[in-house]
Amino acid sequence: MPILAANWKMYKTITEAEEWLRAVVGRPELKRAEVVVFPPLTALHALRGRSRGLGLGAQDVGWAAEGAFTGMVSAPQLRDAGCGYALVAHSERRRYAGEDDRMAARKIASLWQAGLIPVYCVGEDAAERAAGQGEARLRAQVDTALDGLGDELGGRLVIAYEPVWAIGSGTPATPDQAGEALSLIRERVEGRCGGAAAARLSLLYGGSTSPASARGFMEQPIIDGLLVGSASLDANSFLAMLEVMVHA
Ligand code: 13P
């Protein structure tokens, strides 16, 4: 099944989140895709219990199970709130909150420990791309996050290739560019964790995707789905993407 994930970032009140959900829940397409919503934490509780056919996720997670970590929310707490997924090291967390690949490794381990699915976000920025360092950056992001996790993945892992230069720019990567980056990521994970890891790994593309561009990405065999920002905020545009994806 294709995966369609909505990252709402710091948008939507509880009422707006509920309205979106009412427009989406009950659609037959939900049975043909793995659909996950990453609302702001404030709306999680309201969506829980009404989100039939959809998975819920958090946009970040603390690396420890509990403790004196003001402002953080742990993986067991997210599970308690109804989450099955969490984003890890989104580029906006890397940029505004100083997250790095080592923190990502701890967060991924903590999510697996609590039985949640990490969606680990990687991608080079414009300067790295211009300097021809994009592939090296991706390799480092994958290697560091998997370092110390043992020879096998500790659970299911979703990796989203989100080139920083494409996010919010209105210009997505081309499907070929996304496919090449995700092939490199898959090779890296399998090289590090062995062939059995392949079955537990899903790969997404994210960055300025829209109903118009969704089909091109889904035609790449390596791409399992999309992580959508702005085009996910409007329920109709999100449903249009879902429609494309289940028929691609
Ligand atoms: P946009 O789709 O708004 O470019 O955002 C992508 C993103 O950051 C998803 O996590």
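Since every read-out is calculated from the coordinates, none of them should be taken as a lab result. All values derive from a computational prediction rather than experimental measurement. Cβ coordinates were reconstructed from backbone atoms using ideal geometry, including for glycine residues, and neighbour counts include every protein chain displayed.
Largest GNM mean-square fluctuation across Gly170, Gly49, Gly216, computed for the chain with C-alpha springs under 10 Å, falls on Gly49. In a GNM of the chain with a 10 Å cut-off on Cα contacts, which of Pro221, Pro211, Pro39 has the highest mean-square fluctuation? Fluctuation is largest for Pro221.
Largest GNM mean-square fluctuation across Gly207, Gly179, Gly191, computed for the chain with C-alpha springs under 10 Å, falls on Gly191. Annotation: amide H-H contacts under 5 Å for Glu124 (H modelled 1.01 Å from N, sequence separation of 5 or more, or interchain): Val164. The aspartates and glutamates within cross-link reach of Lys12, meaning a Cα-to-Cα straight distance under 18 Å and a gap of 8 or more places when in the same chain, are Asp60, Glu92, Asp234.
Ranked highest first by the average count of other Cβ atoms within 10 Å around their residues, in what order do 104-113, 25-34, 71-80 fall?
104-113, 71-80, 25-34
The calculated Kirkwood hydrodynamic radius for the stretch 53-102 is 11.6 Å, given to one decimal from all distinct C-alpha pairs. Karplus-derived 3J(HN,Hα) values for the stretch 41-51, using 6.51 cos²θ - 1.76 cosθ + 1.60 with θ = phi - 60°, are 4, 4, 9, 4, 5, 5, 7, 4, x, 10, 9 Hz; glycine and proline are entered as x. Amide H to amide H distances under 5 Å link Ile117 with Tyr85, Ala86, where only residues 5 or more positions off or on other chains count and H is placed in the peptide plane. Across the stretch 2-12, coupling constants 3J(HN,Hα) worked out from phi with the 6.51/-1.76/1.60 Karplus curve, θ = phi - 60°, read x, 10, 10, 10, 10, 9, 7, 6, 9, 10, 5 Hz, and Gly and Pro carry x. For Ile3, the amide hydrogen comes within under 5 Å of the amide hydrogens of Glu34, Gly225, Leu226, counting only partners 5 or more places away or on other chains and with H modelled in the peptide plane. Annotation: the stretch 1-104 has a Kirkwood hydrodynamic radius of 14.5 angstrom, from the mean reciprocal C-alpha pair distance. The GluC sites (Glu not before Pro) of the stretch 139-248 meeting both criteria, a DSSP state outside H, G, I, E and B (loop) and at most 16 other C-beta atoms within 10 angstrom of the site's C-beta, are Glu152, Glu219. Here the Karplus relation 6.51 cos²θ - 1.76 cosθ + 1.60, evaluated at θ = phi - 60°, turns the backbone of the stretch 151-160 into coupling constants of 7, 10, 5, x, x, 6, 10, 10, 10, 10 Hz, with x for every Gly and Pro.
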